[in-house]
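> Dropping a structure here in structure tokens format, bear with me for questions.
The values are calculated or read from the model by the stated rules, or taken from the named source; none is laboratory data. Model, not experiment: these values are computed from the prediction. Ideal geometry is used to build each Cβ from the backbone, glycine not excepted, and the neighbour counts take in all protein chains shown. Note: accessible area is taken over every heavy atom of the protein model, side chains too, but ligands, DNA and RNA are not part of it. Shrake-Rupley method; radii C 1.70, N 1.55, O 1.52, S 1.80 Å.
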Amino acid sequence: MIRFLRHLMVFIGFLLWASLGLNGQELDSIESYALTEIAVLEKRDDFKKNHFIKAFSQKKIQELAHTSLGNLLAQNSGVYVRSYGIGSLATSSIRGTSSSHTAVLWNGFNLQSPMNGNIDLSLIPNFFLTQVQLQTGGNAALFGSGAMGGVVHLNHHAIFQPMLGFQFGGHIGSFGDYQEQAGFFVHNKKQSFSLKAFHQQAQNDFKFKNTASFGSPIVVNENAALRKYGLLAEHGLLIKGNQVLNQRIWLQNNHRQIPGTMTTGIGTAYQIDRSFRYAGDWKIENNQRLIEAKLGYFNEYLLYADSSISLHAKSRSTSLFSQVNGTFQLGKNHSIQMGIHQNLQTGQSDAYAFRHRQNRIATFLAWNVHNAQKTWVMNTILREELVGSQLTPLTFSWGTAWDVSSLFQFKGNVSRNYRSPTFNDLFWFDSGARGNPLLKAESGWSEDIGGIFKYKKSKNKVQFELAFFNKHLSNQIVWLPESDAQGNSFWQAQNRQQIWTRGIEQQLDYIYKKEHWNFQLSAQYQWSKATNLKLTEGQDHLLGKQSIFNPMHKGQIRLGFDYLGYQINYQHALVGKRFITSDNSDSLPIFHKADFILHKRFQWKKWTPTFQISLNNIWNTSYQEIAYRPMPGRHFLISMNILFSKKTNKQ
């Protein structure tokens, strides 16, 4: 609690400092206008054009502002989000990889935990997000350890337009779910400042059919309440027109009970997560170069307690980031990017013998070439990282994109990727499990090839994406049963498995617009197969088996109709069979789930109210995403947000 108060004092000091340059502005009521972001050009994007990237519109993010990043990805992409229950842990799987193979970058800094390599997507509120991009395929050469399956980019850009505004809203839903949220922003041509805050609480006491008990009785999901609140402040300063200085602080506190499974009965555990995150960057650019320096600091605290087993386990990790990147134009058709990244991590846990510290230093060099018309581009990237005193495998990436015609764009990529062991993998030590300081980094090759077809005529717009992917992963870290000389049995982390993942992704988007109304169709399908190529001795019967909890088939379709600000959306998702045992002898069945959303946006002078009614799981499907972790049946959520914005006359 003392540490959290210290972070809160830093946060308040940041607000006072940021307000100095914005104090005393005179405001005048004139015509309102749409929010427009004026940002320094991100030349690093030139080195991502060969990848398959999905950008989520601000409209889509705002529609789901009352939910988390996990919901945004699950409902609008091919990412399979594994949820342990409503309000509980949610992790991602991109192209059949594990959750530790998805890098989530907040303004360039990796949110993956140094302790276990994961990030809980349910703890990232969409209300705090303004720009979200999903990049599928390995790209550890550019973004570092963990970027093996894909990368989720969470970026914020300062707005240097004279304006002022505020917003407030919230939601009410089934199972005692309430949320309040509010924000304030003021910008001029030199500075930009915004502040957001939210609070949510829920009981999550839904009823479900317990298929693991005799007679499948209807029971209540107990010990599942949660409470979350957070603050986000951002300040941008434009210097001499071509330099930008940004600072951001993100505070969040989460307290949630951990319900029992279908087989264990009512749970008695709870978990507290507290985080303090700071991200600052300075950029200078002209037509020939972009130089940026970044500094970040994360402090993460976790408490897991269970009175039934007298457990009270605490852990804390810190990450201190520093990055310097430079992008330089060489003639008309060539550019290079180089950088050096440092990440000093510390980890402390009741299961560690002492507090551990690890320094990671990486350097990369990238070359980009394109033709005069920019219809063809090729990227080559090399990266080397020193983790402590050990070098990781040299990481390589090559990719190309070619606009074959005005209708079709071809893309292809080959990369070598890696993931360094976490603190838990290396240093965990208790009576039941032990880390392994001799672990090697996971490494492997990734390839994908495909294209994007675009067609637009009159009132019709069609886009179809198709990608084939292939991945080989060596030295995958798994926890296996071992014993010591005294005959004590325990689990230990080992580099044993080799995994082969391959598949296909497809997405179709169709829009028909006519005067005041439009129709939208979006359909996605993914087939992925992840099988074992090499295992430990005596496990030959598991070769070729599908990895657990990874569906081979996943698809969804979304139908939308919009008329004069009224929107009606129907979304239907299908998730295939998921094996829950390594020998594939037991599985969770296929399930269908559908949601219905009614959304209305009004415009009155400088006010923009929006209202939304969401009916989730409308067919009342009984399903599980993780074995014996029940999900809710039919439930509702009603949300509202009111935005006020206007120009200011002070430049």
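> Search the range 288-333 for residues being among the β-branched types (Val, Ile, Thr) and farther than 21 Å from Phe276 by Cβ, and hand back the single one that is surrounded by the most Cβ atoms within 10 Å (Cβ to Cβ).
Thr327
> So, one more: May I ask you to say which residue of Arg274, Arg248, Arg256 is open to solvent by 30 Å² or more (accessible area, probe 1.4 Å) and of a type in the set (D, E, K, R)?
Every option except Arg274 fails the conditions.
> Could you tell me whether the range 237-260 includes any residue that is farther than 24 Å from Ala90 by Cβ, in contact with a helix residue (DSSP H, G or I) (Cβ under 9 Å, 6 or more places away or on another chain) and of a type in the set (Val, Ile, Thr)?
Yes, because at least one residue in the range 237-260 is farther than 24 Å from Ala90 by Cβ, in contact with a helix residue (DSSP H, G or I) (Cβ under 9 Å, 6 or more places away or on another chain) and of a type in the set (Val, Ile, Thr).
> Also, quick follow-up: Taking strands (runs of 3 or more DSSP E) that fall entirely within the range 141-217, which contain at least 3 residues that are touching a residue at least 12 places away in the same chain (Cβ under 8 Å) and under 24 Å from Phe56 (Cβ atoms)?
Filter on the range 141-217 gives 150-155, 163-173, 177-187, 191-202.
> I've got another one for you. For the range 351-438, give me every one of the strands (runs of 3 or more DSSP E) that falls completely inside it and has 2 or more residues that are open to solvent by less than 20 Å² (accessible area, probe 1.4 Å) and small (Gly, Ala, Ser).
The strands (runs of 3 or more DSSP E) meeting that bar are 356-370, 395-403, 408-419.
> How do the strands (runs of 3 or more DSSP E) wholly within the range 254-341 filter down when requiring 3 or more residues that are more than 30 Å from Glu234 (Cα to Cα) and out of contact with any Gly (no Cβ under 6 Å at 6 or more places or on another chain): which remain?
Those strands (runs of 3 or more DSSP E) span 289-306, 311-330.
> Regarding Ile618, is this residue aliphatic (A, V, I, L, M), farther than 30 Å from Thr531 by Cβ and in a strand (DSSP E or B)?
no
> Still on this structure, please answer the following. Check off (1) surrounded by fewer than 18 Cβ atoms within 10 Å (Cβ to Cβ); (2) modelled with pLDDT under 95; (3) within 28 Å of Phe52 (Cα to Cα); (4) touching a Gly at 6+ places or on another chain (Cβ under 8 Å) for Leu466 and give me the number that stays unchecked.
(2)
> When you go through Ser483, Ser474, Ser458 one by one, which is the residue that is open to solvent by 30 Å² or more (accessible area, probe 1.4 Å), small (Gly, Ala, Ser) and in contact with a Phe, Trp or Tyr (Cβ under 8 Å, 6 or more places away or on another chain)?
Going through Ser483, Ser474, Ser458 in turn, just one is open to solvent by 30 Å² or more (accessible area, probe 1.4 Å), small (Gly, Ala, Ser) and in contact with a Phe, Trp or Tyr (Cβ under 8 Å, 6 or more places away or on another chain): Ser483.
> Here is a list: Asn204, Asn246. Which entry is under 27 Å from the mean Cα position of the chain (by Cα) and on the phi > 0 side of the Ramachandran plot?
Asn204
> Can I ask one more? Within the range 125-149, which residues are on the phi < 0 side of the Ramachandran plot and not hydrophobic (A, V, I, L, M, F, W, C)?
Hits for the range 125-149 are Pro125, Asn126, Thr130, Gln131, Gln133, Gln135, Thr136, Gly138, Asn139, Ser145, Gly149.
> Scan the range 398-410 and tell me whether some residue there is aliphatic (A, V, I, L, M) and within 19 Å of Met148 (Cβ to Cβ).
no
> What is the number of the single condition among (1) under 30 Å from Gly280 (Cβ atoms); (2) surrounded by 14 or more Cβ atoms within 10 Å (Cβ to Cβ); (3) without any contact (Cβ under 8 Å) to a residue 60 or more places away in the chain that Ile239 does not meet?
Among (1) under 30 Å from Gly280 (Cβ atoms); (2) surrounded by 14 or more Cβ atoms within 10 Å (Cβ to Cβ); (3) without any contact (Cβ under 8 Å) to a residue 60 or more places away in the chain, the lone unmet condition for Ile239 is (2).
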